[in-house]
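Step one of this worksheet: look at the structure below.
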């Protein structure tokens, strides 16, 4: 008798969290990774130099510019962009391998990267946009970091409205007025998406075995 796949077998989820700077996507990402061992952070390739303490393959895949351009030409990226004269991109092969194992991949990226992912992986993609409770609170959070100059903060605030204007392109929109509550909402979304019928790779054979 042929082996029947477990009804719980599934293909993984690509979970994107996007927000304007200061709205909390990086904080929520860290909290999610710490609380859920079924999801891992996407590791990007980059042409920027390795910084002290970084590990190739863990923090980034460090490549030179000719290699990066060859990867672009070969269609090896799910998404890529120029950022401050450096190149960053998400290699397709490692992501596909993780999804096939039934594990999920987390992306902390902006709306432009999300659009590229949607064009190539829409059946696996779940897009979550995180809003601040107000623009005043967003400015307060950016100032509270104590890491940016007033000029940099002003630039981030100027870009925030343009970034927020893409909210309707996302599947879910959350308001981060409390990090723990926002994390709970993200976890609820992920839990529901993991059991969608289309992602249950063993379900067809299992049902056939039930009804003969």
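The values are calculated or read from the model by the stated rules, or taken from the named source; none is laboratory data. Bear in mind that the values here come from a model prediction, so they are computed numbers and not experimental data. Positions of Cβ are backbone-derived with ideal geometry, glycine not excepted, and every protein chain shown enters the neighbour counts.
Just to be sure before I move on: is residue 45 touching a residue at least 24 places away in the same chain (Cβ under 8 Å), over 24 Å from residue 193 (Cα atoms), within 16 Å of the chain's Cα centre (by Cα) and surrounded by 17 or more Cβ atoms within 10 Å (Cβ to Cβ) in the structure I sent?
Here the answer is yes, as residue 45 does meet what is asked.
Give me the residue from the range 97-110 that is within 15 Å of residue 11 (Cα to Cα) and crowded, with 16+ Cβ neighbours inside 10 Å and, out of that set, farthest from the chain's Cα centre (by Cα).
Taking the candidates together, the pick is 102.
For the range 178-195, what are the residues that are at pLDDT 95 or above and in a loop (DSSP other than H, G, I, E, B)?
178
Looking only at helices (runs of 4 or more DSSP H) that fall completely inside the range 111-176, which ones have 3 or more residues that are over 22 Å from the mean Cα position of the chain (by Cα) and either closer than 24 Å to residue 80 by Cα or free of Cβ contacts under 8 Å to residues at least 40 places away in the same chain (or both)? Lay out the reasoning, then the answer.
Numbers: elements: 111-121, 135-145, 150-164.
Correct list: 135-145, 150-164.
Yes/no matrix, rows are residues, columns are (1) more than 25 Å from residue 13 (Cα to Cα); (2) surrounded by fewer than 16 Cβ atoms within 10 Å (Cβ to Cβ):
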position	(1), (2)
137	yes, yes
157	yes, no
170	no, no
177	yes, yes
180	no, yes
186	no, no
194	no, no
199	no, no
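Right, residue 207: under 13 Å from residue 131 (Cβ atoms) and either in a helix (DSSP H, G or I) or in contact with a helix residue (DSSP H, G or I) (Cβ under 9 Å, 6 or more places away or on another chain) (or both) or not?
Taking the combined requirement at face value, the residue does not satisfy it.
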